[in-house]
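This report refers to the structure that appears directly beneath it.
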Amino acid sequence: MVSHMKTTINIADDLLEKAKRQAVRENKTLREIVEEALRQRLSKQSSARPFRLKRHSFKGNGLQPGVSEGDWSKIRDLIYRLE
């Protein structure tokens with residue numbers, strides 16, 4: 001059994017008018033339109049996969065000689081060095 005709760009929400013005027021017109025076109029109540037939109041939005045969110053960063057590795061021997069890990073100013077200078 002589905003229970004319903006009466007609640008109040010603030011909706012932008014233009015969005016509310018569009019929803020009302022949609023309800024009339026589809027011969028539905030405003031409540032049905034709003035519930036349908038919420039269900040659709042919430043189902044998309046739950047079915048989306050979590051973001052996973054792809055692994056990108058590079059061949060090499062690590063840092064160049066003279067560069068220590070965390071020496072960001074040195075690394076930045078090497079990145080932007082003109083050759």
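The values are calculated or read from the model by the stated rules, or taken from the named source; none is laboratory data. Model, not experiment: these values are computed from the prediction. Note: ideal-geometry Cβ built from the backbone for every residue, glycine included; neighbour counts use all protein chains shown. When the accessible area is computed, the model is the full protein with side chains, heavy atoms only, and any ligands, DNA or RNA have been set aside. Shrake-Rupley method; radii C 1.70, N 1.55, O 1.52, S 1.80 Å.
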VAL24 vs (1) open to solvent by 100 Å² or more (accessible area, probe 1.4 Å); (2) modelled with pLDDT of 85 or more; (3) in a loop (DSSP other than H, G, I, E, B); (4) hydrophobic (A, V, I, L, M, F, W, C): all pass except (3)
What's the number of the only condition in (1) part of a helix (DSSP H, G or I); (2) without any contact (Cβ under 8 Å) to a residue 12 or more places away in the chain that ILE11 fails to meet? (1)
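Matching residues to (1) among the charged types (D, E, K, R); (2) modelled with pLDDT under 80:
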position: LEU38; (1), (2): no, no
position: LYS54; (1), (2): yes, no
position: GLY60; (1), (2): no, yes
position: GLU69; (1), (2): yes, yes
position: SER73; (1), (2): no, no
position: GLU83; (1), (2): yes, yes
Exactly one condition in (1) surrounded by 10 or more Cβ atoms within 10 Å (Cβ to Cβ); (2) among the aliphatic types (A, V, I, L, M); (3) more than 26 Å from the chain's Cα centre (by Cα) is false for ILE79; which is it? (1)
Is it true that SER46 is open to solvent by 80 Å² or more (accessible area, probe 1.4 Å), under 27 Å from SER3 (Cα atoms) and either at pLDDT 75 or above or in a helix (DSSP H, G or I) (or both)? yes
